[in-house]
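The values are calculated or read from the model by the stated rules, or taken from the named source; none is laboratory data. On a predicted model such as this, the values are computed, not experimentally measured, just so you know. FYI the Cβ positions are ideal-geometry reconstructions off the backbone, even for glycines, and counts take in every protein chain you see. Surface accessibility is based on the protein's heavy atoms, side chains included, excluding ligands, DNA and RNA. Shrake-Rupley method; radii C 1.70, N 1.55, O 1.52, S 1.80 Å.
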Amino acid sequence: ALFEFASEGILITNSTGNIWKINPSAEKMFGYNKGELLGQKIEVLVPNRFSGSHQGLRDKFSTKPQPRSMSKGMDLFGKKKDGSEIPVEISLSPYSNEEGRFIIAFIIDITERKKAADNIKNYNFELESQVKDRTLILQDAVNQLEQTKEELKKALDKEKELNDMKSRFVTMASHEFR
């Protein structure tokens, strides 16, 4: 029941990389009908640009199998039946029984998570752009205020000079009248 009704994709490959079992969630995730993937190489679900290197990585994992998450520090993609790609998160676990050695893969479609992360990235970029624009506007305003301050200072100095001249004139005129 756990295998059949899990919302995560689960598939099991044998030691040669053939899909031995796959749950309905994984089949749906990759766009395949029930049982259509059984017996096929796991590379059918790997995008073409990675399929050549995937077999070597699979063989390397088989020599030292241990549970691990493949997604740490990597962007992983799965290939759907129609050839489109989806971002995925994958965890691997080795398993052995009397029938042989197997690898269990737990697969999560992270398309929505990636979209949300991209939206946040775009929003942050937009906010940074707005901050830069507003900083430039503020810098222009500060420059204009500085220029106005200089002009006011010059006008004030001129006004003081005129007041001093007026005071001297009044003092001289007053003195002359006396």
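Have a look at ASP118, ASP109 and point out the one that is open to solvent by less than 80 Å² (accessible area, probe 1.4 Å) and touching a helix residue (DSSP H, G or I) at 6+ places or on another chain (Cβ under 6 Å). First the steps, then the outcome.
Values: ASP118 fails: touching a helix residue (DSSP H, G or I) at 6+ places or on another chain (Cβ under 6 Å).
Unique residue meeting the criteria: ASP109.
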Looking only at region 1-49, how many residues end up being farther than 22 Å from PRO87 by Cα, among the aliphatic types (A, V, I, L, M) and modelled with pLDDT of 90 or more?
1
For region 55-94, name all the residues that are at pLDDT 90 or above and hydroxyl-bearing (Ser, Thr, Tyr).
SER84, SER91, SER93
Are there any pairs with C-beta distances below 9 angstrom linking a residue in region 22-45 that is over 15 Å from PHE106 (Cβ atoms) to a residue that is among the aliphatic types (A, V, I, L, M) and assigned to a loop (DSSP other than H, G, I, E, B), with the two at least 6 apart or on different chains, and if so which?
VAL44/LEU37
Suppose we filter region 7-45 for residues that are in contact with a Gly (Cβ under 7 Å, 6 or more places away or on another chain), outside any helix (DSSP H, G or I), open to solvent by 20 Å² or more (accessible area, probe 1.4 Å) and not small (Gly, Ala, Ser); how many remain?
3
Under 23 Å from ALA1 (Cβ atoms) and not charged (D, E, K, R): does that describe ILE42?
no
